[in-house]
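**Student:** Okay, here's the structure, questions in a sec.
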Amino acid sequence: MDWNPWLTKTHENKGGADYLETYDPPTLLPWQTRSAPPTEYEQALADALQEIFGEEVYDLPGIVRRLNESCVKPPEEGGWTEPNFQSVMKRLGEWP
């Protein structure tokens, strides 16, 4: 499973007076903080970024240039720019 179903609020995982206990907070791995599986777009973007980083391109202008050469387009019309790349990364990195 590549997402955490317990982040989706339901009656079953709400807890209650009978469930009080103390524990050390768990360490969450990045994929455990998602409340749903990644979309096809998110997966394609992740694959493109993994390939870019695999080629040891780490600077923002280089990442943007390589994304523009890839088949992954930004959510808005046009090509990738530094500001829209940063905006997409911020949005995707927000807590659900």
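**Student:** Please enumerate the residues belonging to segment 43-77 that are of a type in the set (Asp, Glu) and modelled with pLDDT under 95.
**Tutor:** If the condition is that a residue be of a type in the set (Asp, Glu) and modelled with pLDDT under 95, then GLU76, GLU77 are the ones that fit.
**Student:** Additional query: If I ask for residues that are under 15 Å from the mean Cα position of the chain (by Cα), surrounded by fewer than 15 Cβ atoms within 10 Å (Cβ to Cβ) and of a type in the set (A, V, I, L, M, F, W, C), which ones from segment 65-96 would you list?
**Tutor:** MET89, LEU92, TRP95
**Student:** Please name all residue pairs, on different chains or six or more residues apart, with Cβ atoms under 6 Å, provided the first residue is in segment 37-50 and is at positive phi and the second residue is in a helix (DSSP H, G or I).
**Tutor:** none
Quick grid of which residues meet (1) of a type in the set (A, V, I, L, M); (2) under 27 Å from TRP3 (Cα atoms):
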site	(1), (2)
ARG34	no, yes
ILE52	yes, yes
LEU60	yes, no
ILE63	yes, yes
LEU67	yes, yes
PRO74	no, yes
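The values are calculated or read from the model by the stated rules, or taken from the named source; none is laboratory data. For clarity, every value in this text was computed on a predicted model and none was experimentally measured. All Cβ positions, even for glycine, are placed from backbone atoms using ideal geometry, and neighbour counts span all protein chains on display.
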